[in-house]
Every structure is written in structure tokens, then in C-alpha cells.
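Please treat every number below as a calculation from the coordinates, not as lab data. What you see is a predicted model; the values in this text were computed from it and never measured. Neighbour counts run over all protein chains shown; Cβ positions are idealised from the backbone, glycine included.
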Number of protein chains: 2
Amino acid sequence: MDILGGQAGGMATPHFTRLVIHGVGLLGGSLGMSVRRRGMAGRVVGLGRSPERLEHARRLGAIDELTTRPEAALDGADALVVALPPAQIRAGWRALAPLLRPGMFVTDVGSVKAPIVAQAERDLPKGLLFIGSHPMAGSEKTGVEHGRDDFYEGAACILTPTARTHPDALALATAFWHALGARIVVAPPDRHDRLLAGLSHLPHLVAAALMQTLGRDWASPAELAAIAGNGLRDTTRIAAADPAIWKDIFTQNAPHLLASLDALLDVPQEWRAALDRPEPDTQALGLLYAEGRRARAALDHRPADAE
Amino acid sequence: MDILGGQAGGMATPHFTRLVIHGVGLLGGSLGMSVRRRGMAGRVVGLGRSPERLEHARRLGAIDELTTRPEAALDGADALVVALPPAQIRAGWRALAPLLRPGMFVTDVGSVKAPIVAQAERDLPKGLLFIGSHPMAGSEKTGVEHGRDDFYEGAACILTPTARTHPDALALATAFWHALGARIVVAPPDRHDRLLAGLSHLPHLVAAALMQTLGRDWASPAELAAIAGNGLRDTTRIAAADPAIWKDIFTQNAPHLLASLDALLDVPQEWRAALDRPEPDTQALGLLYAEGRRARAALDHRPADAE
């Protein structure tokens, strides 16, 4: 098994003999396209439930071969990336465990990490090189037909080692995602989930709640269409994401999301206090806005690769 | 005075002898560039407080001539567009009134309309062709240096007639903004302000509140920079807008904004109820998300010109 061969950005690029991608949607399909373009695997194998969708992915160049049978996919495999929705990743480790051999590189792309990693550490055999990954590439679109072989370039990829993670798993995942163009960030699973609750899941909830508010009794669809400016369009773009995916993510990360929502709900009371007066407190409104603007400025400082 | 000459999109394009733009920032400057490119005025006159900024606007092609003296600007003028912040527009009518002659076309570009229009109808002389305008073009940038001569193309422009508005004022404003490429929407001032509270001002408040929450105790600036994805960036883009402008808009539209904020604050309680259980209610979370998504879909149906 030639795991570390070649060079990319001063770091060895991994090469796998047989890389299995479980779930070939937008993320899994883009992963296959990216790995194949860079020659990072001898064979890229798509594992899924629908032969038609797997064949579609093969035609689009996301995988070399396909199967619906885990034991066939994993026979001789030295790498597995699970790219299913979080609840399915978490529930799937137990069935996969007997098919995984020692030394194999195993990761997932779930956007909630603590439940997935804890379950993996319970269910997977010792001697695997397992680590949780969260590549923060995405889109409100879904499906392999929107996949791209540069999908992970420039994205942050958060790796979530624990005390039980083999150092080689962290090194290998770092090299793997780095070779695909991602910036590596390392955080424990629980810190990851808290950060993502605030920085990703809460914005999705807020965008949805804002559109719910406007749709309920504020404006007709015709008024929304006629008057919505780019501000509203941008602010609510992620409300167009797939509810089936997001109900799952919200469920998996419910405690942290709830905490972030409660933190958010403290803030409008300060706005209410400044607005709800005989004469609005213009200065206070400006200070509140400026506080948000200062925090927002941090987003404009995209860091260099954190490795 | 050759008000209606030429044709654009089947509608006569107005032509003014002397068009005064009071306030030559992003909106006023873009207006000057747009009018000059289309030859819609013999002279475009910039009126403001700072000779340096007016001269800057002249060099950028936004105006033909400039002055800091209202009586000089308005001498012989047949059109006035006030492009100052809402509070200044509202407060400025009284001083302008003695300088305006009957038949003159007068409008403003303020993003809050009821206070501005009500004050104008109190202070301005009879016989003017006055109507409030709100061209919904904008940016988190400010200043004439970001102005463009296609700034209003494709933007909605809301005209806010009242029972006191002369029909010729509505017709002239319709033709004027249409010639600049805007889609015309007509709504009474109070309906405008309610709609804008929900569709524009509330999203700005929400974007600010979301960044306040994340900045206070959720993530360090380094974490924000490292982990923020496009979802958060889009959702909070308008939090980067100028607090000096938005504190003014919020102040002018405080009652409607407060009502929209209270409508919004009802919704998270439904999310809380679905999240805050021993087992989150996944189905309810999906239904809430889907409701927001349905409302969001209206924004993708950009209407044809509403005239």
C-alpha cells in the first residue's frame, strides 16, 4: 500500500490502491472526481443503494466502478470515505465494521462530528486509521450532477481527532484533504459541533425563520418577488437548501444548536429596547450595528492554511 | 421644458433642462452618471456641502457642474432629486421649498417613505410634481467612487403616491426610473415602509444580530475566519453595511421594524420546541425548514416590469 507518494504543496500526497466512497451525491461525487483527476487512487469505487444513481455518477466521471454490496466494494480496499447524511453515517459503522481491515484509512464527511466519531470509536475495530473529517464545501444544490473536481479547493476541512485517534490517521487525513486543495483546521469533535452550530447551522435556521416570518403575514409572494433586493436574497439564500438534509443536521446537533439559538435570542431584546421608545435611540442602534459589523470583519480575513 | 421626448421601451423618456441632484454619494452619483449617459438632462448639477467631494463626483462623470449653494443649484432647474440619508431628506424640505417653482419635478431616493412624504406634503409648495421614490439599488459600499451608470438597471423602484400626488408626477417618475432601467412598483408610503421593514431592514438587523451573537462568546475572530463558509458569509454580508446609514434608516422606520422583529421572534419558539426535547422532533424541524424554503422560492420568480 503506497500511502504517501508524490508531493503537493510540500506535503506528500497519499495514494490509495482502492478508495471506496460510500454515498455518491454532491460531496461524495465531487470527492471521486477530485481524487480521480489528481490520480490519488488506483480505483475509485462507488458504494450506494441505487444502481441507477451509481451508474449516473460513473458516467459523470466520479467513480471507476460501482456496487451496491458493501463486502464487494470493500474487498481489497485501503481507504473508505463515508459521504452520507450524518444520521446514516452514525448508524452505519456497525455494519461496515466486519468488512474493514487493520491499517485502512477511514473517514467521513458528516457536518456533525461528536455523535459520528463517538459511535465510530465504539463500533469500528482497533487498528484502523479512523478520523472524522468535515470538509466545509457545499451548496444549496444536491446531487452528483452538481459535482466538480475542484469542489474542495479553498474550502476549510475540519479534522476532529480525539485521544483515541492514531497520529497516522491525522497525518493521512491532513495530506489527503490538503492534496484536494482544502485548508486544514483541527478541532475536537465537541468543539467542532459547537462552532458549526453557531457558524453554519444557526445561520440556516435564521434564514429559514426570516423567510417563514415574511411568508406568513408580511408580504404576498408577488410582493416578495417584486421588492426583494440583493440583501434579502443573500441573507436567505441558504433557506433554499434541502429540508431533508437540514432536519437531519439539526437533529444530530440539537443541543449545540439550541444553545446558539438561545444566545441569539438575547440580542434582539437590546434592539427592541433601542427601537421601542417614543423616540428611537439612534445612537444605540448605531452601536449595535457597529458591533455586528466588527464581528463580521473577521470573515474577511481568510487565513493562510492552518497547517 | 421638454419633459417627455424620445422613447425607451415604448415609454417616453423624460428630458430635463437642468436636473439637480442633492447629495452625490453612491445613489446620487450613480443617478448622475446614468442620466448623463442617456442624455436625459441638459445639465446635471451636483448640490452638496463639500466642494471637494462634489469636484470628485464631477471628475468621475457624475455631474456637469457643482455648487454648495441651493439657490444657485436650483436657479432655472426643472427637476430635483434628493439623494441624502432619510433623516436629512425629511428635515430638508422646508429650506428647499422657497427655491422650487411650480411644475418642477421633485423626488427623493430615501429608503423610508412615510415620514419623508408626509413632511414634503406639509412643507413643499402646491403645484410641484412631487412623488417619493425608492430605487432599491444599493450595496454595502458607499461613495460616488463606487457609482455606476448602470446602477439602477434591473432594480425595483418603488413609487409612493398619496391622494395628494398629481397624476403627472407619478407618470413622470415612472418614465424617469424606467428610462434608467428600473422596474416600477407602486405602493402607498405606509405599505412601502411596512414591506421594506420586513424585506430589507429586518434582514439587516438579523445579519447584525447573528454576527453580534457569534462575536460575543461563540467563536474567536481566528475561528470565525478559519471556519466561516459561504453560507455564513452570504447570510451576514449586509452586516458589513455602514452603521451610520442603517441607524438612521432603523430610526426612521422604527415602528414597522419593531413589528417585523416581533413577528420574527415568534418563529424561533417553534424551532425551540422541536429542538428542546429528549429526542429532537426531526419531522417538525423538516416542516419548519420546508416552510421557509417555500417562501424563499418566491424570490426566484423575478417579475416582469410591473407597469
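Which of B:M104, B:M136, B:M211 has the fewest other C-beta atoms within 10 Å, and how do the rest follow up to the most?
Working: B:M104 21, B:M136 24, B:M211 27.
Going from sparsest to densest Cβ surroundings: B:M104, B:M136, B:M211.
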For this session: Between the alpha-carbon centers of the stretch A:113-133 and the stretch B:252-293, tell me the distance in whole angstrom.
Result: 34 Å
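Dipole size in debye (nearest 20) for the stretch A:1-120 around its Cα centre, Lys and Arg Cβ +1, Asp and Glu Cβ -1?
Numbers: 14 positive and 9 negative charges, 43 e Å.
Roughly 200 debye, rounded to the nearest 20.
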Exercise. Which cross-chain or sequence-distant (5 or more) residues have an amide H under 5 Å from the amide H of A:K113, H modelled 1.01 Å from N in plane?
Worked result: A:D193
Problem set entry | Gap separating the Cα centres of the stretch A:211-247 and the stretch A:72-94, nearest whole Å | 35 Å
Seminar exercise, completed: Once the in-chain neighbours fewer than 8 apart are removed, the lysines whose Cα is under 23 Å from A:K247 read A:K113, A:K141
Problem set entry | In Hz, Karplus ³J(HN,Hα) per residue of the stretch B:83-91 (6.51, -1.76, 1.60; θ = phi - 60°; x = Gly, Pro) | 10, 9, x, x, 5, 6, 4, 4, 7
Exercise. Using Cα atoms only, what is the angle between the long axis of helix A:114-123 and the major principal axis of chain A, expressed in degrees (0 to 90) to the nearest 10?
Worked result: 20 degrees
Problem set entry | Gyration tensor verdict on the stretch B:4-187 (Cα atoms; rounded if a/c is under 1.5, prolate if a/b is larger than b/c, oblate otherwise) | rounded
Seminar exercise, completed: Label model pair A:D168, B:Q269: point-to-point distance (7 angstrom along the Cα→beta-carbon line) in nm is 5.7 nm
For this session: Could you pull out every residue, at least 5 positions away or on a different chain, whose amide H is within less than 5 Å of the one on B:R43? Hs are placed 1.01 Å off N in the peptide plane, and Pro or chain starts have none.
Result: B:R18, B:L19
Problem set entry | Footprinting exposure proxy for B:I63, B:I131, A:I245 (fewest neighbouring C-beta atoms within 10 Å first) | A:I245, B:I131, B:I63
Exercise. Peptide A:104-116: average number of partner chain Cβ atoms within 10 Å per residue?
Worked result: 0
Exercise. What translational D, rounded to a whole number of µm²/s, comes out for the stretch A:189-246 from Stokes-Einstein when the hydrodynamic radius is the Kirkwood one over Cα pairs, at 25 °C and 0.890 mPa s?
Worked result: 195 µm²/s
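State, as an integer percentage, the relative contact order of the stretch A:4-187 based on alpha-carbon contacts under 8 Å between residues 6 or more apart. Please report the intermediate quantities before stating the final value.
On the way: 411 pairs, mean separation 42.1, N = 184.
Over the stretch A:4-187, the number comes to 23 percent.
Once you average over the residues of A:247-256, how many Cβ atoms of partner chains fall within 10 Å of each Cβ? Before the final figure, lay out each step's value.
On the way: counts 12, 3, 1, 11, 9, 2, 2, 9, 3, 0.
Whole-number average of other-chain Cβ neighbours for A:247-256 is 5.
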Problem set entry | Dmax and Rg, reported as Rg then Dmax, of the stretch A:80-198 (C-alpha, Å) | 13.6, 38
Exercise. Can you give the Rg and Dmax of the stretch A:192-300 based on its C-alpha atoms, in angstrom?
Worked result: 15.9, 45
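Given only helices, namely DSSP H runs of n ≥ 4 each adding -39500 (n - 2.57), what is the per-residue ellipticity at 222 nm of chain A, to the nearest 500 deg cm²/dmol? Working shown, then result.
Details: 13 runs with 145 residues, N = 307.
So the calculated ellipticity at 222 nm is -14500 deg cm²/dmol.
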Exercise. What average count of beta carbons from other chains do you get within 10 Å of the Cβ of residues in B:257-269?
Worked result: 6
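Given the convex hull of the Cα atoms of the stretch A:1-108, what is a quarter of its surface area in nm²? Could the numbers behind the result be given before it?
Values: hull surface 26.3 nm².
For the Cα atoms of the stretch A:1-108, the hull's average projected area reads 6.6 nm².
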For this session: Could you work out how far helix A:26-37 tilts from the main Cα principal axis of chain A, as a 0 to 90 degree angle to the nearest 10?
Result: 50 degrees
Exercise. When N is the residue count of chain B, what does its C-alpha Rg come to as a fraction of 2.2 N^0.38 Å?
Worked result: 1.12
For this session: Could you tell me how many degrees, from 0 to 90 and to the nearest 10, lie between the Cα long axis of helix A:282-297 and the main elongation axis, the longest principal axis, of the Cα atoms of chain A?
Result: 10 degrees
Problem set entry | Lys/Arg +1, Asp/Glu -1 at C-beta; chain B dipole; positive extreme among B:L31, B:A187, B:A228 | B:L31
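Taking neighbour Cβ counts within 10 Å as the exposure measure, how do A:I21, B:I238 sort from fewest upward?
Details: A:I21 30, B:I238 27.
Listing A:I21, B:I238 from fewest to most nearby Cβ atoms yields B:I238, A:I21.
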For this session: Starting from the exponent 0.38 and prefactor 2.2 Å, build the expected Rg for the protein assembly as shown from its residue count and divide its actual Cα Rg by it.
Result: 1.13
Problem set entry | Lys, Arg +1 and Asp, Glu -1 on Cβ, resulting dipole of the protein assembly as shown about Cα centre, debye, nearest 20 | 440 debye
